[in-house]
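Report on the structure given below.
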Amino acid sequence: MINLIGTYECKADTKGRVMFSAALKKQLQPVINEGFVIKRAVFQPCLELYTMQEWMLMMEKINKLNRFVKKNNDFIRRFTAGVKTVEFDATGRILIPKDLCGFASIKKQVVLSSAVNIIEIWDKDNYEKAIDDAALDFADLAEEVMGNTSVDELS
């Protein structure tokens with residue numbers, strides 16, 4: 001399992017190729033040759049980049065869902081919509097497919113934001129707006145999510 005750290009700004013070219021920062025590539029080095037999976041995020045207008053190992057762990061969970069329950073089938077279809085495999089090219093870039101660039105409104109300025117074990121890929125303006133919007137109620141959210149967790153559970 002990988003735990004990623006950092007938020008990085010970069011640029012996408014007209015073909016959707018994004019150059020990763022050296023610091024982020026260094027963190028990904030142990031798994032870089034395995035490839036990655038890129039998909040639409042569930043809750044935000046951004047993309048999620050999974051290492052192949054993290055994607056396989058997610059698929060193990062999803063494969064446990066009963067496909068004869070309509071909600072499960074609907075969830076699986078929507079969760080995997082637009083999923084693609086991607087690899088780093090020789091210069092350290094990934095190519096974001098056009099349909100996914102469109103979903104996330106990625107044009108030129110891009111933010112790569114670590115989210116524990118995945119990387120969120122954002123259009124910079126959308127990222128700034130999401131952070132600003134989240135800041136308004138982050139204290140309440142933090143209390144609700146983490147407030148009932150004892151210190152022992154976190155360690």
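Which one, Glu120, Glu48, Glu143, has the greatest fluctuation when you compute a Gaussian network model over the chain with C-alpha springs under 10 angstrom?
Glu143
For a paramagnetic label modelled at 7 Å from the Cα of Phe138 toward its Cβ, which residues of region 78-122 fall within the zone defined by backbone nitrogen distances under 19 Å?
Those under the cut-off are 111-122.
State in Å² the accessible area per residue of the chain; use a 1.4 Å probe, count heavy atoms of protein chains only, and round to the nearest integer.
Dividing the accessible area of the chain by its residue count gives 64 Å².
Sort the following peptides by mean Cβ neighbour count (other Cβ atoms within 10 Å, averaged over residues), highest first: 58-66, 111-119.
111-119, 58-66
Can you give me the distance in nm between label points at Phe75 and Glu87, each placed 7 Å from the Cα along the Cα-to-Cβ direction?
It works out to 3.3 nm between the two label points.
What are the ³J(HN,Hα) values, in whole Hz, obtained from phi via the Karplus relation 6.51 cos²θ - 1.76 cosθ + 1.60 with θ = phi - 60°, for each residue of region 97-106 in sequence order, with x given for Gly and Pro?
Here the 3J(HN,Hα) series is x, 3, 4, 6, 4, x, 4, 8, 6, 7 Hz.
Which residue, Lys70, Lys84, Lys26, has the most motion in a Gaussian network model of the chain that connects Cα atoms within less than 10 Å?
Looking only at Lys70, Lys84, Lys26, the largest GNM fluctuation is found for Lys70.
Provide the per-residue ³J(HN,Hα) series for region 6-14, in order, calculated from phi with Karplus coefficients 6.51, -1.76, 1.60 and θ = phi - 60°, each as a whole number of Hz, with x at glycine and proline positions.
Using θ = phi - 60°, the values come out as x, 10, 10, 9, 8, 10, 9, 8, 5 Hz.
Run through all the Cα pairs of the chain and give the fraction in each 10 Å bin from 0, expressed as whole percent.
So the P(r) values, bin by bin, are 10, 35, 34, 19, 2.
The values are calculated or read from the model by the stated rules, or taken from the named source; none is laboratory data. As the structure is a computational prediction, the values presented were derived from the model and not from experiment. As a convention, Cβ positions derive from the backbone with ideal geometry for all residues, glycine included, and neighbour counts pool all protein chains shown. When the accessible area is computed, the model is the full protein with side chains, heavy atoms only, and any ligands, DNA or RNA have been set aside. Shrake-Rupley method; radii C 1.70, N 1.55, O 1.52, S 1.80 Å.
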